[in-house]
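So the structure is just underneath, and the comments pick up after that.
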Amino acid sequence: MRRQRPSCHRVLALSVFVLTAVALAACGGEEEATPTAAPAASPTAMATPTPEPSPTAAPTLPPSPTLPPSGETPALMPSWQTAAPRAPAPIGQVVELGIRNKNGAPGETYAIGVQVNLPDGSPVNMEGEVVGDGWAYFSLAETSLPGTYTVYFGLPQSDLIYAQDFFKVQEPEPPPGTDFTTLTWQTSAPRVAVGIGEVVELGLRNKFGEPGECYDFLMEVYDPMDGYSSGEATVCADEWAYLPYEDTFLSGTYYVFFWIEDQLIAQDSFEVSEY
């Protein structure tokens, strides 16, 4: 039996059919395939890391302060300084009191009220003003009392106090070795007889005493039976200083002696009568 060779047309057709089937299968597979969803990114995966600053980056500086206009000086808080006698002042001396604003700018002005409390508590008031950094001075003549004087500087007619100071006034001490007997002493005692039991005023005065010139003295009184009594006081300037004497129970002559630092400076006497 003779074997025939297949036709070339059949082989070609078969090849075309096979290729067509393969192509259709491929196309059909792409249409029917379900696309696979991409997995959701986690928050960690989605976060964008913060880049670290460059080591050569310049630091952030605070804003510069606002400067005043050219030619002007910024106002500063007041810095108060006061002036008063640092050593005790003698009685009767006029005292200078002062205050200034150390930080005061040219033309900067503050009204100033000054109240000085005297040793007996009574006040003395004065007013003025401080300009720039200059001193303002106030004169106090009311220094007739020994003791401590308290000074308040503040806003006039207000309780606002800027600063406080104080000074002392004392009786002057005579120089050592003074001969007190050479001073112009005068004494006072009754010039007519007084009755028994009557209170007597006995006095001492330095006729030419100067303001602020003061002396502490001791007064001794001897009655007709040599009974002894004493008292102390201070005599200032040319004013009288008086001490009372009550022990007038005996009739007769009473002798009075005045002493300063163991020096007998003056003496006097008076009479007591029972009639």
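Taking the stretch 133-216 as the region of interest, the strands (runs of 3 or more DSSP E) fully inside it that hold 2 or more residues being touching a Pro at 6+ places or on another chain (Cβ under 9 Å), under 21 Å from R86 (Cα atoms) and in contact (Cβ under 8 Å) with a residue 60 or more places away in the chain are 161-170. Looking only at the stretch 120-131, count every residue that is touching a residue at least 24 places away in the same chain (Cβ under 8 Å) and surrounded by 15 or more Cβ atoms within 10 Å (Cβ to Cβ) and tell me the total. Counting residues in the stretch 120-131 that are touching a residue at least 24 places away in the same chain (Cβ under 8 Å) and surrounded by 15 or more Cβ atoms within 10 Å (Cβ to Cβ) gives 2.
Quick one: is V235 surrounded by 14 or more Cβ atoms within 10 Å (Cβ to Cβ) and more than 30 Å from A141 (Cβ to Cβ)? No; evaluated as a whole, the condition is false for this residue.
Looking across the stretch 223-251, the residues that are in a loop (DSSP other than H, G, I, E, B) and among the hydroxyl-bearing types (S, T, Y) come down to T248, S251.
Residue count for the stretch 148-199 satisfying the condition of being of a type outside the set (K, R) and surrounded by fewer than 11 Cβ atoms within 10 Å (Cβ to Cβ): 12.
Just so you know, all these numbers are worked out from the coordinates, no wet-lab data involved. Computed from a prediction, not measured in an experiment: that's the story for all the values here. Ideal geometry is used to build each Cβ from the backbone, glycine not excepted, and the neighbour counts take in all protein chains shown.
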